[in-house]
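Trainee: Supplied in structure tokens, the structure appears directly below.
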Amino acid sequence: MRNKKEKITKLPWSSEESLVAAPPENISTEEWGRKNRELSILTSAKPGPWSLAQIPFFRPVLEALDNEDIETVVIQKATQIAGTETVITWMGKDADNDPGPVMVVFADEDTAKETCKKRLLPMFRSSPPLSKMLIEAEFGQESIILKNNFSVIMAWASSIARTASRPIRRLILDEITKPAYGKTQSEGSVINRIKQRTETFPNKKIVMLSSVTVAGDNMDIEINKCDAQYDWCVPCPACGDLQPLKFSQKEIRVEGISRQSGYIHYEKMENNREAAKTARYHCASCEALWTNAEKNAAVQKGVMLPREKITGKIKSVGFHIPRTISLFPGGALEVLVENFLDARNDVLELQSFINNALAEHWTHVVKDTTDLPIAQRKTDLPKKVVPKGAICLTAGFDMQKYSFWFSVWAHEYRDMSLHSSMIWDGEIETFEQIRQIVYDETFDIQDGGVKKIWRAGLDTGGGKGTEEDGWSRTAEAYDFLRRAGHNVIFGTKGSSKARDSAVWFSIIDRMPGRIGKAIPGGITLFHLDTDKLKDLFFSRAIQGDDGASPLHFHADTTDAYFQQILAEEKTRDRSTGKYTWVKKHQKDNHQLDTAIINQALINDAFRGGIRMFYKQLQRHEQRQESQVVQKIEEKQQENPFLKGGNSSGNPYTRGR
């Protein structure tokens, strides 16, 4: 036994031991962030000390993250609204006060590594308490380790090995609507597989945040699983009624009560920017119109209210964070309206606005075309007659081994709306017939006059050629375009590669084949994202005449034509998680292909599309009007009897 009189020597703790043994500070994420977080100019629109002043709607989100009773937090958000930075701040507080293993998952490896390098590490290095604990030797693009046993592992949804590496107490899943999260693998769905890594911790926390895509995506599923869903409700400056801010009027629920929402009101004008300047928020209760300054002041006074009444204990919560409540410039009423008006005639752009700005799901996607009442969109006009108001005609040609299917469409663009009508369709046999249709054919206009085709697209798909020298069908198309294209007929090619744009181009300088004969000057080939364009086409097909961009078909359109238009359906690829368009039972879809080519020809990415043509037409009309006025003024100056009307310039009225 130790002698009672023996002195006990106390050894000093090392700095690492002190850090590990220090009791956690009882502090909220908001307070910790104000004291210890500095935002970089590289990652924030508002560099400097971190604060919730510009993002007050994230305060309840952080309170949920700090709440030990809540296991899952789901954030359905607009893009560029500081959601990721808010969650990173919570991670920093956790690293300082409650260390443990964290996994941050992104859709792909590049994004995961880039985020670690440019967003996570700068926070750890710039925060005084975290920088003292950072082990630089243990830092890489895939992990961060602190001296107090806190660790961050970066992972990506496409890697089973990476996401199955170890047990995780804190799990952050970012952008869960990306295709990589949608894959179905041997271990089940990606999200559920990764969630299982948290099961060994009683104090686990799972955070999911993302923008959205179409109804039924991962965010739609996860937020509807939550015990409660919340909206940031703001008080009307006039009547004080608390309400969520919606872009357009719709039925909503607040604390278990159904009601109509308010909406952003604006005057309809020809010029989008001028129309946007009239934007005001229309109160759902008293119909008062708020200015943008009043809207921002109301947002500062807002509160999170549940859509349904809360009964009992909740373990999972979801939050909807749209750009309508943002205090950043992108959330200004004028900016939102202008962005909407610029996008409303292009369904792909409109979907982007609804998904990324409003954080709402796109619900206009047609998946099953079987019962689509597209035949009801026939007009009374016979084929080859152009509806009055149409400003241009396009033609699409789908090349087969021995023939070409084609359709001609008339497009009307005015009052911020786009109407397209199929006016002629059929099947032809030769390239010469394509040339005749595009350059020689004229079409009668409903109210008088004639029009010719503005631009045409020729599918250059492969297949065995018909010429004796063994050229492929693609080579025949390239040769025709080189001789007869003249910046009117353009080569097109369907693509399965997804890009931000539905249309992009490349320069082809050689013929296809092993030898690949050079093409003098090259050929511009336009690549079409057919999945995006088919989404656009069918979303237009279901619109009524009061829609932003409806479709119509001439009175003589046959059932056979409609059968080809409806020959595909959208299905989910189990290996990639993506929805793609496929043929139904190998039915012919040639006329759907010609319709998609016509759709591409008026797209903004196809040399400015119809909007550029409309602006050119306006400038031409303005020049003509100016020339007429100038000629009248010149005649008045030359003719003393016209000059000045009844003024003294007329010798017969002078002095009267």
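Trainee: Apply 1/(1 + (r/R0)^6) to the Cβ-Cβ distance of LYS113 and ASP69, taking R0 = 41 Å, and write down the FRET efficiency to the nearest 0.05.
Mentor: The calculated FRET efficiency here is 0.75.
Trainee: Anything over 22 Å Cα to Cα? Flag those among LYS204/LYS225; LYS378/LYS584; LYS93/LYS313; LYS205/LYS250; LYS93/LYS225; LYS225/LYS301, in the order listed.
Mentor: LYS378/LYS584; LYS93/LYS313; LYS205/LYS250; LYS93/LYS225; LYS225/LYS301
Trainee: Give me the number: length gained by fully extending ASP440 to ASN26, i.e. 0.36 nm times residue separation minus the C-alpha to C-alpha distance, one decimal in nm.
Mentor: Additional length available on full extension: 140.9 nm.
Trainee: Apply 1/(1 + (r/R0)^6) to the Cβ-Cβ distance of ASN149 and SER40, taking R0 = 22 Å, and write down the FRET efficiency to the nearest 0.05.
Mentor: On the way: r = 27 Å, r/R0 = 1.21.
My answer for the efficiency is 0.25.
Trainee: Let me ask something else about it. Take each of the peptides 511-519, 59-67, average the number of other beta-carbon atoms within 10 Å over its residues, and list them starting from the highest.
Mentor: Numbers: 511-519: 12.0, 59-67: 20.0.
Per-residue Cβ counts within 10 Å, averaged per peptide and sorted highest first, yield 59-67, 511-519.
Trainee: Once the Cα atoms of helix 530-541 and of the chain are each reduced to a long axis, what angle between those two axes, in degrees from 0 to 90 to the nearest 10, is obtained?
Mentor: 70
Trainee: Now, a different point. Tell me which residues come under 5 Å, amide H to amide H, from ILE264 once H is placed; ignore anything under 5 positions away on its chain.
Mentor: Correct list: SER248, HIS282.
Trainee: Please give the helix 609-638 orientation as an angle from the longest Cα principal axis of the chain, in degrees from 0 to 90, rounded to the nearest 10.
Mentor: Value to nearest ten degrees: 50.
Trainee: Still on this model: With the contact rule set at Cα under 8 Å and sequence spacing of 6 or more, what percent relative contact order holds for the stretch 550-597? Walk me through the intermediate numbers first.
Mentor: Details: 43 pairs, mean separation 16.9, N = 48.
It comes to 35 percent, rounded to a whole number.
Trainee: Just to be sure I understand the model, the point goes 7 Å from the Cα along the line to the Cβ. What's the resulting ALA164 to ASN487 distance in nm?
Mentor: If labels sit at ALA164 and ASN487, their model points lie 5.8 nm apart.
Trainee: Going highest first, how would you order 212-220, 156-164 by mean Cβ packing within 10 Å?
Mentor: Peptide ranking by packing, descending: 212-220, 156-164.
Trainee: Next question, about the same structure. What whole-number value in Å² describes the accessible area per residue of the stretch 37-162 for a 1.4 Å probe?
Mentor: It amounts to 38 Å² per residue over the stretch 37-162.
Trainee: For Cα pairs less than 8 Å apart in space and 6+ apart in sequence, what is the mean separation divided by the residue count of the stretch 165-255, i.e. the relative contact order in percent?
Mentor: Value for the stretch 165-255: 26 percent.
Trainee: What does the extension gain come out to for GLN433 and THR580, with contour length at 0.36 nm per residue minus their alpha carbon separation? Can you show the working numbers first?
Mentor: Details: separation 147, 0.36 × 147 = 52.92 nm, distance 3.33 nm.
Stretched fully, the GLN433-THR580 segment lengthens by 49.6 nm.
Trainee: Relative to the longest principal axis of the chain, what angle (0 to 90°, nearest 10) does the C-alpha long axis of helix 347-356 take?
Mentor: Tilt of helix 347-356: around 20 degrees.
Trainee: Could I ask something else about it? Any idea how far apart ASP380 and LYS250 come out in nm if each label point goes 7 Å out from Cα toward Cβ?
Mentor: 3.7
Trainee: Follow-up question, since we're still on this one. On a full-extension model of 0.36 nm per residue, what is the gain between ASN192 and ASP559, subtracting their alpha-carbon distance, rounded to one decimal in nm?
Mentor: 127.5 nm is the gain from fully extending ASN192 to ASP559.
Trainee: So, one more: For the residue pair VAL629 and ASP545, what label-to-label distance in nm results when each label sits 7 Å from Cα along the Cα-to-beta-carbon direction?
Mentor: 3.5
Trainee: Using only alpha carbon pairs under 8 Å that are at least six residues apart, calculate the relative contact order of the chain and give it in whole percent.
Mentor: 11
Trainee: If the label point is 7 Å along Cα→Cβ of SER258, which residues in the stretch 208-233 have backbone nitrogen under 12 Å from it?
Mentor: Correct set: none at all.
Trainee: Turning to a different aspect of this structure: Just the number please: accessible area per residue for the stretch 330-453, 1.4 Å probe, all protein chains included, in Å². Walk me through the numbers before you get to the answer.
Mentor: On the way: 5150 Å² over 124 residues.
It amounts to 42 Å² per residue over the stretch 330-453.
Trainee: Let me ask you something else. Please identify which residues in the stretch 323-352 have an amide N closer than 20 Å to a label point set 7 Å out from the Cα of TRP504, following the Cα→Cβ vector.
Mentor: The answer is 347-352, whose backbone nitrogens lie closer than 20 Å to the label point.
The values are calculated or read from the model by the stated rules, or taken from the named source; none is laboratory data. This structure is a prediction, so every number in the text was calculated from the model and none was measured. In this analysis, Cβ positions are derived from the backbone assuming ideal geometry, glycine residues included, and neighbour counts consider all displayed protein chains. These accessible areas exclude ligands, DNA and RNA; they are computed on the full protein's heavy atoms, side chains included. Shrake-Rupley method; radii C 1.70, N 1.55, O 1.52, S 1.80 Å.
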